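Have a look at the structure below before the remarks.
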Amino acid sequence: MKSETMVIHAGYTPDPETGALTPPIHLATTYERAEDGTYPQGFIYTRDNNPNRQLLETRVAQLEHGTGAIAFASGSVAMMTVLQALSTGDHVLLPDNIYYGIRQMVLDVFVPSWGLQADFVDMTDLDVVQSALRENTRLVVIETPSNPLLKITDIRAITQLAHEAGAKVICDNTIATPIFQQPLDLGCDLVVHATTKYMNGHSDVLGGIIVGDAEDELFQRVMQIQRLCGAVPSAMDCWLLLRGIQTLPIRMRAINDNAMQVAQFLEAHPNVERVLFPGLKSHKGHVIAQEQMSGYGGLMSILVKGDQKTAMTVASKVQVFTRATSFGGVHSQIEHRASVESPDTKTPQNLLRLAIGLEHVDDLIADLDGALG
Ligand SMILES: *Cc1c(COP(=O)(O)O)cnc(C)c1O
């Protein structure tokens, strides 16, 4: 099946009891045992498993070309669980411009309290990565495109280096989505998503998911922690996610088309110093992006000509774009990233991150043109 078909059919046929095309929401926390003490349907207790969660996991596993998926209550706790599967003294290598919340989690929780060793490096420089790998490196985390600088990491090359050093690789595929990039096919061991973003697509669910090879030891450990510790999504959240995912392929194509046009407009604008979007030929990672992605998504950043004040002024003037954090929904959003990160952030002060949504592209361009003055 192709992705467009999978998102509608994988793992579900109309409910045998009622014929319902969309699955019922299973709110029950506990399931009846048969007279012989077994559980004939395989469900025991909702922390262990739930029909809505199972369907979500089946569908996302297929979309990412994995054999198993593990759903969580947020993207952050999905990543937290992978780190919890490591032990004190293990070394983790992460991108220097990784999603801000994950960086804070590693530095404030896993290094001081869990005893992990962590280094943050430029994953676009293979020599730097090679020399940062150590004997005790268990995990290499990559995020491509990255947020908010839209750096492109060569997934295949990094995976090869990591595997030679005996480390596993997890790729944050939140920004590209499985519609445009399939890291497991390029050699990665695990994929993580904040399903909060494009997967759900409507800015109304918080969620995360890990995808990989169901037989893999690290995957098995992550699933064990999911079930023992219970940071799982509710049945309702799984149901909403499944509804959103049905339109993921068509939303991503429309968002990508809009983003391409907005990026080209911005690149030609006299008040814009630079546009960071991997779909543009001028982008440093464009060639690698073309090789490993089939589209570029809707996230981009611009450096306005001027300083922090200029950037804030531009953001203050938009009418169609919404000033808000996060991305992946139907609304186009604009955000001054440096001021939501910490004072020591490396994000340039004149950077605005744009998340392109599903409005008409003419309205988006006119709005940005007006705001840029
Ligand atoms: C939002 C995001 C996360 C964290 O997900 P939450 O659901 O907010 O916890 C992780 N990685 C990336 C790339 C994200 O955009």
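The values are calculated or read from the model by the stated rules, or taken from the named source; none is laboratory data. Remember, it's a predicted structure, so these values are computed and weren't measured experimentally. Cβ placement follows ideal geometry from the backbone for every residue including glycine, while neighbour counts extend to all protein chains displayed. Heads up: the accessible areas ignore ligands, DNA and RNA and are worked out on the full protein's heavy atoms, side chains in. Shrake-Rupley method; radii C 1.70, N 1.55, O 1.52, S 1.80 Å.
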Tell me the mean residue ellipticity at 222 nm calculated for the chain from its helices only (DSSP H runs of n ≥ 4, each -39500 (n - 2.57), averaged over every residue, nearest 500).
-10000 deg cm²/dmol
Beyond 20 Å (Cα-Cα) in this structure, taken from 2/284; 284/346; 305/346; 197/346; 151/346, we find 2/284; 197/346
Taking only C-alpha positions in segment 268-307, Rg and Dmax in angstrom work out to 11.4, 35
Can you tell me how much longer the chain between residue 136 and residue 213 gets when fully stretched, taken as 0.36 nm per residue apart minus their C-alpha distance, in nm with one decimal?
25.5 nm
Long-range HN-HN contacts of residue 137 with modeled amide H, under 5 Å
91
Heavy-atom accessible area of segment 300-340 with neighbours in place, 1.4 angstrom probe: carbon+sulfur share in percent works out to 54
Output the antiparallel fraction of DSSP beta bridges having both residues in the chain, as a percent to the nearest 5.
55
Longest segment of the chain lacking GluC sites (Glu not before Pro) that sit in a DSSP loop with at most 10 other Cβ atoms within 10 Å:
216-373
Please express the shape of segment 209-250 as an equivalent ellipsoid: the semi-axes are the square roots of 5 times the eigenvalues of the C-alpha gyration tensor, given largest first in whole angstrom.
24, 15, 5
For segment 182-277, what value does the Rg/Rh ratio take when both radii are computed over Cα atoms and Rh is the Kirkwood radius, given to two decimals?
1.11
With a point put 7 Å past each Cα toward its Cβ, work out how far residue 236 is from residue 325 in nm, to one decimal.
2.4
Considering just Cα atoms, how many Å³ per residue does the convex hull of segment 220-373 enclose?
162
Solvent exposure of segment 68-116 as accessible area per residue, Å², 1.4 Å probe
32
What list of ³J(HN,Hα) couplings, whole Hz, do you get for segment 156-166 from phi and the Karplus terms 6.51, -1.76, 1.60, once you set θ to phi - 60° and write x for glycine and proline?
5, 5, 5, 4, 4, 4, 5, 5, 4, 8, x
So if R0 is 35 Å, what FRET efficiency would residue 15 and residue 257 give, r being the distance between their Cβ atoms, rounded to the nearest 0.05?
0.45
Any chance you could run the full-extension gain for residue 87 through residue 268? It's 0.36 nm times the residue separation minus the Cα-Cα distance, nm to one decimal.
60.2 nm
At 1.4 Å probe size, with every protein chain present, just tell me what the per residue accessible area of segment 235-350 comes to in Å².
47
Bin width 20 Å, origin at 0, all Cα-Cα pairs of the chain: what percent of pairs per bin?
29, 56, 15, 1
